[in-house]
Amino acid sequence: PLLYKVSDEDSTIWLFGSVHVATKDMYPLPDYIKSAFDNSDILAVEADIIALEQNASVLGEQMAKFIYKDGTTISDNVSKETYEKAKKILEKEESYNAFVDFYNASMWANTINNFLYTNLSYDSNLGLDRHFLQSAKDNGKTIYEIESVEAQYDMLSGFSKELQAFMLEDAVETYNDKKAKEAVEKLIKSWYNGDEKGIIESNTADESECTEDEK
């Protein structure tokens, strides 16, 4: 995998792009990555997900942001077709119950998107952020959050009704799309092999079939 070095006369920063899911055979990481981590005083991550998971009250507060507060349910906020398709996916994945209807479309979209990875045998428990976070905690390293879980949850839960509906429609389409699965495989393979060109191509959206509103 690619590891970038940025340094001056008195400090060094290693920039390592991570993936949030992985497989066991992607470990151990190469020695040059382990060496950079071992010789660093600080780990800077997108968000400290382990700290959140260990604080039940804060986790509950964050999850509550995704619940409709106006007395509606998801079926009132997306089209009937999108709701039925999404519900069918959750049922197939044994993740649907009546309470789920009170979660907003952003949460539904995120949940369905995660199935794309698990169905390809990728495990979020093996993700790179989690791996380094646990190592940092075990070795007493300082941890910086570039964002925070709270900031991310505020953003995701605060999207407009229209954007959330679009996200859910896209998640449903992606779940059933063979090309989407191939794209995931290509991205992670490109990351693993340090293929900079492949990573850039994987992260460049194809807008050829999008309407102006969708763009």
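The values are calculated or read from the model by the stated rules, or taken from the named source; none is laboratory data. Just so we're clear, the structure is a prediction, and the values are computed from it rather than from any experiment. Counting neighbours? That spans all protein chains shown, and the Cβs are built from the backbone with ideal geometry, glycine included. Note: areas computed on protein heavy atoms with side chains; ligands, DNA, RNA excluded. Shrake-Rupley method; radii C 1.70, N 1.55, O 1.52, S 1.80 Å.
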Quiz item: Can you name the number of the only condition in (1) in contact (Cβ under 8 Å) with a residue 40 or more places away in the chain; (2) closer than 22 Å to Ala22 by Cβ; (3) surrounded by fewer than 14 Cβ atoms within 10 Å (Cβ to Cβ) that Asp154 fails?
Solution: (2)
Quiz item: If Ser35 passes every condition in (1) touching a residue at least 12 places away in the same chain (Cβ under 8 Å); (2) over 30 Å from Lys179 (Cβ atoms) but one, which one does it miss?
Solution: (1)
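Take Ala44 and decide whether it is closer than 20 Å to Gln152 by Cβ, small (Gly, Ala, Ser) and touching a strand residue (DSSP E or B) at 6+ places or on another chain (Cβ under 6 Å).
When the stated conditions are applied, Ala44 passes them.
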Quiz item: Here is a list of conditions, (1) under 30 Å from Gln164 (Cβ atoms); (2) without any contact (Cβ under 8 Å) to a residue 60 or more places away in the chain, and Phe66 meets all of them except one; can you say which number that is?
Solution: (2)
Exercise. Go through the range 12-33 residue by residue and tally those that are farther than 22 Å from Ser121 by Cα and not in a loop (DSSP other than H, G, I, E, B).
Key: 7
Practice problem: Filter the range 103-140 down to the residues that are more than 13 Å from Asp48 (Cα to Cα) and of a type in the set (D, E, K, R), then identify the one that is modelled with the lowest pLDDT. | Solution: Asp123
Quiz item: Within the range 73-97, which residues are open to solvent by less than 90 Å² (accessible area, probe 1.4 Å) and of a type in the set (Lys, Arg)?
Solution: Lys87
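Of the residues Lys141, Lys181, Lys137, which single one is in contact with a strand residue (DSSP E or B) (Cβ under 6 Å, 6 or more places away or on another chain) and either touching a residue at least 24 places away in the same chain (Cβ under 8 Å) or farther than 25 Å from Thr23 by Cα (or both)?
Answer to the selection: Lys141.
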Quiz item: Any chance the range 85-99 includes a residue that's assigned to a loop (DSSP other than H, G, I, E, B), in contact with a helix residue (DSSP H, G or I) (Cβ under 6 Å, 6 or more places away or on another chain) and farther than 30 Å from Asp138 by Cα?
Solution: yes
Exercise. Scan the range 38-54 residue by residue and report those that are within 21 Å of Val149 (Cα to Cα) and loosely packed, with under 12 Cβ neighbours inside 10 Å.
Key: Ile42, Gln54
Practice problem: Residue by residue through the range 62-72, note down the ones that are surrounded by 13 or more Cβ atoms within 10 Å (Cβ to Cβ) and in a loop (DSSP other than H, G, I, E, B). | Solution: Lys65, Phe66, Tyr68, Thr72
Quiz item: Condition test on Leu52, is it under 20 Å from the mean Cα position of the chain (by Cα) and closer than 20 Å to Ser124 by Cα?
Solution: yes
Quiz item: Could we say that Ser57 is open to solvent by 60 Å² or more (accessible area, probe 1.4 Å), within 29 Å of Met155 (Cβ to Cβ) and among the hydroxyl-bearing types (Ser, Thr, Tyr) here?
Solution: yes
Exercise. Find the residue count for the range 102-150, including only residues that are over 30 Å from Asn39 (Cα atoms), open to solvent by less than 80 Å² (accessible area, probe 1.4 Å), of a type in the set (Ser, Thr, Tyr) and not in a helix (DSSP H, G or I).
Key: 1
